[in-house]
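First the structure, in the form of structure tokens, and then the observations on it.
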Amino acid sequence: MLRGCLTRFGAVFSESLMVRTVGLICLPLLLAVGLAVVVAISFSNRDARTALEARARQTVALLAGGVGDALWNVDRVAAQSILHPLSKDPDFVGAVVFERGGSVFLGLGEVDPPRSGLIVEQVSLIRLTAGGQAGEQGRGQHIGQLRLYLTTANAERTINSRAWAIALSGLGLLVAVCGLLAVIVRGVTAPVRQMTDGMAVLAAGRIDLEIPRVDRRDEIGRMAAALGTLKQHAAERLEFIERQARHMEVIEEIVAKRTGELTAALETLKLAQNELIRSEKLAALGGMVAAIAHEINTPIGSSLTVATTLSDKITEFQAILQGKELRRSVIRDYSDSFGTASQLLVGNLLRASELIGRFKRVAVDQTGELRRRFELDVVCGEVVAMLRPTYRHSPVSIDLRLPGGVVMDSFPGALGQVLTNLMTNAMLHAFADATAAGSITVGATLEEDGRHVTLTVADDGAGIPAAVLPRIFDPFFTTKLGSGGSGLGLHIVYAIVMRVLGGVVAVESQIGQGTRFSIVLPLVAPQQSGQDAVEEPVIMPS
Ligand SMILES: Nc1ncnc2c1ncn2[C@@H]1O[C@H](COP(=O)(O)OP(=O)(O)OP(=O)(O)O)[C@@H](O)[C@H]1O
Ligand SMILES: [Mg+2]
């Protein structure tokens, strides 16, 4: 209970500036007033008692002579008349005259009152001997005693009423001070509280607060002005944020709309792309069929013509055989014709068979290829030597820059095929003008890792246009369609290098400068043919 009260008081004390200020000033003041009252009462008490004692002493001393005479003369009436004026004193309680033996000679008022709150003063009654004065003991004879009782009640009453007056005026002063203080502090705290409430409203993000009108030039006035500025800034910031939010909404709408449009466009693009791929494939297929048809059509067409002619000749010859005029010269003519026709037939059919064989090789079914250890320069040298007669009359020179001792465990037949195709291409495409001189260089370099070798076939001929370069490895891509090219040579190179030899092929070319094919091969070919390899050839127009 007490703790609860203290806690509540502590909370009010710490939360209210007014309570704290008034409390801090008024509490000591209250203590001071209380202390002053207590001190005043105790001092007054002491002073009043001292004064009363002095009065009692003076009174008994004054009456001692007369009362002593009356006692000596045993004159009670005289003694009573001497003491009687005492009864008028408001503080008088009683007075007693004792005889020498201690018995009461005369009593006035209360003779034996209770002693609390009393001042008791007594004096010996002396019968003066000659030359002595009353009160000078030793010079007179002790005949009795006078005792006076005075009460302190009246003095205490006066003191109490005075103390109350002090206390009440002190309290009045205290109340006045506290009231004044409260008015002063309220003049500060009330606008401060209004402003702190306003700040809380501002902090909560609202700007609908009323700034208290303070027409003051002191700190409170300046604080109110600052709060007004703060409110204005907050309002501006809020407006800015709202404006931004509205912008963001608009932007989000635009983005959503654009995203929708882009998604739709992407879908259309995907459809178009699929359509394009499909039509590209169809076009490639069409091109392939056209190439095959064109290539095979020539020898087959020739064969058909020759076969038809041969058939006609045979019919003619059979008719001649049935007739009677069968001359030796006629037989020789027909025999020659048959011979020529069959030679043409065989030649054309061989050409057709050879073409079909080449088309079949696109599948790169190299399972029958023999794997063995061989020296690179020896195999390459043999291939070049085999090709050399073909270009006997060409002004193009062939340079071999092959280091000796590079031993490979691979497929020499496949490697020979690659080299043949690249050299044939160089002759046919780089040096299409049969009279132009140039050179084809076949080189090899052992890689630093000691496990790979780079084979290069470079020419300084026409070069390949940049637009064509990315397509040269595509099957059936040729710039010589209709004049001997089937567009399979480089595709076969690519397929053999990738799937049989386990290497990679790259090309760099520049118009008028020449073309260089680089093939990086492992010295030991992979055990399994890389049917699944997907690595693309590297094409670098230089
Ligand atoms: N060394 C080269 N210089 C210039 N162009 C080349 C060279 N090698 C290849 N090409 C170009 O690359 C194309 C494709 O070559 P690829 O060997 O695949 O087909 P092709 O030689 O035309 O026909 P095929 O080899 O089947 O008889 C060629 O038509 C040619 O345009
Ligand atoms: Mg070719």
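Coordinate-derived values only; no laboratory data. Because the structure is a prediction, the values reported are computed rather than measured. As a convention, Cβ positions derive from the backbone with ideal geometry for all residues, glycine included, and neighbour counts pool all protein chains shown.
Here segment 370-541 is assigned +1 on the Cβ of each Lys and Arg and -1 on the Cβ of each Asp and Glu. Its dipole about the Cα centre then comes out at about 440 debye. Taken about its Cα centre, segment 7-170 carries a charge dipole of about 300 debye when Lys and Arg each add +1 at the Cβ and Asp and Glu each add -1 at the Cβ. Against the chain, whose longest principal axis comes from its Cα atoms, helix 2-15 is set at around 70 degrees. Number of Lys-Lys pairs in the chain with C-alpha atoms under 24 Å apart and a separation of 8 or more places or on different chains: 6.
Normalised by 2.2 N^0.38 Å, with N the number of residues, the alpha-carbon radius of gyration of segment 370-541 equals 0.99.
Sorting the segments 113-126, 377-390 by their residues' average number of neighbouring beta-carbon atoms within 10 angstrom, most packed first, yields 113-126, 377-390.
Ranked by the mean number of other Cβ atoms within 10 Å of their residues, highest first, the peptides 306-317, 252-263, 403-414 fall in the order 403-414, 306-317, 252-263.
Between the Cα long axis of helix 219-322 and the first principal axis of the chain there is an angle of about 10°, rounded to the nearest 10. Highest mean packing first, where packing is the average number of other Cβ atoms within 10 Å per residue, the peptides 64-70, 17-23 line up as 64-70, 17-23.
Stretched out straight at 0.36 nm per residue, the stretch from D215 to D449 would grow longer than its current Cα-Cα span by 75.0 nm. For A264, the shell of other residues with beta-carbons less than 12 Å away shows a net charge of +1, using +1 for Lys and Arg and -1 for Asp and Glu. When the Cα positions of S124, T229, I331 are compared along the charge dipole of the chain, S124 comes out farthest toward the positive end, with charges on each C-beta of Lys, Arg, Asp and Glu.
Dipole of segment 7-170 computed with +1 at Lys/Arg Cβ and -1 at Asp/Glu Cβ about the Cα centre; of G170, P90, A11, farthest Cα towards the positive end is A11. If you model the chain as an ellipsoid using its alpha carbon gyration tensor, with each semi-axis the square root of five times an eigenvalue, the axes come out at 157, 31, 20 Å, biggest first. Centroid-to-centroid, using Cα positions, segment 314-342 and segment 421-453 are 53 Å apart.
Local charge for T515 was computed over the other residues whose Cβ lies under 12 Å away, with Lys and Arg +1 and Asp and Glu -1, and equals -2. Rounded to the nearest 20, the Cβ-based charge dipole of the chain about its Cα centre (Lys and Arg +1, Asp and Glu -1) stands at 1800 debye. With contacts taken as Cα pairs under 8 Å at a separation of at least 6 residues, the chain carries a relative contact order of 8 percent.
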